[in-house]
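Q: This is the structure I have questions about; it appears just below.
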Amino acid sequence: MANNSIEARLSALEGELRRLKQIVQGHEEDPWWKHVVGSHENDPVFAEIVKLGREIRTGERTSTKRRKASKPGSKRSRAADERG
């Protein structure tokens with residue numbers, strides 16, 4: 001009885017292995033990103049997302065510069081103190 005169980009399990013595993021080998025053989029070798037490149041071309045929603053992201057990053061750079069300039073003891077702060 002145990003032999004039948006093992007044989008059935010082995011047969012199921014062999015079938016699954018055959019199926020997986022077929023999938024792998026049919027799989028393209030291109031990296032995943034090659035399938036994604038250009039998929040948002042001419043997409044107005046994606047263009048808006050990119051635009052808003054750029055605005056956020058630009059705003060973060062500007063606010064970081066302001067914070068550095070106003071930081072006590074920084075070169076910019078000392079230069080402003082010496083001038084004014």
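The values are calculated or read from the model by the stated rules, or taken from the named source; none is laboratory data. Owing to the predicted nature of the structure, the values given are computational and were not obtained by experimental measurement. Neighbour counts are summed over all protein chains in view; Cβ atoms, including those assigned to glycine, are modelled from backbone coordinates with ideal geometry. Ligands, DNA and RNA are excluded from the accessible area calculation, which covers all protein heavy atoms including side chains. Shrake-Rupley method; radii C 1.70, N 1.55, O 1.52, S 1.80 Å.
Q: How many of the residues making up segment 1-40 are in a loop (DSSP other than H, G, I, E, B) and out of contact with any helix residue (DSSP H, G or I) (no Cβ under 7 Å at 6 or more places or on another chain)?
A: Qualifying residue count, segment 1-40: 9.
Q: Continuing with the same structure: One residue is enough: does segment 41-50 have a residue meeting the conditions at pLDDT 90 or above, open to solvent by less than 80 Å² (accessible area, probe 1.4 Å) and part of a loop (DSSP other than H, G, I, E, B)?
A: Yes; the residues of segment 41-50 include at least one that is at pLDDT 90 or above, open to solvent by less than 80 Å² (accessible area, probe 1.4 Å) and part of a loop (DSSP other than H, G, I, E, B).
Q: Considering segment 1-36 alone, what residues qualify as being hydrophobic (A, V, I, L, M, F, W, C) and modelled with pLDDT under 90?
A: Result: MET1, ALA2, ILE23, VAL24, TRP32, TRP33, VAL36.
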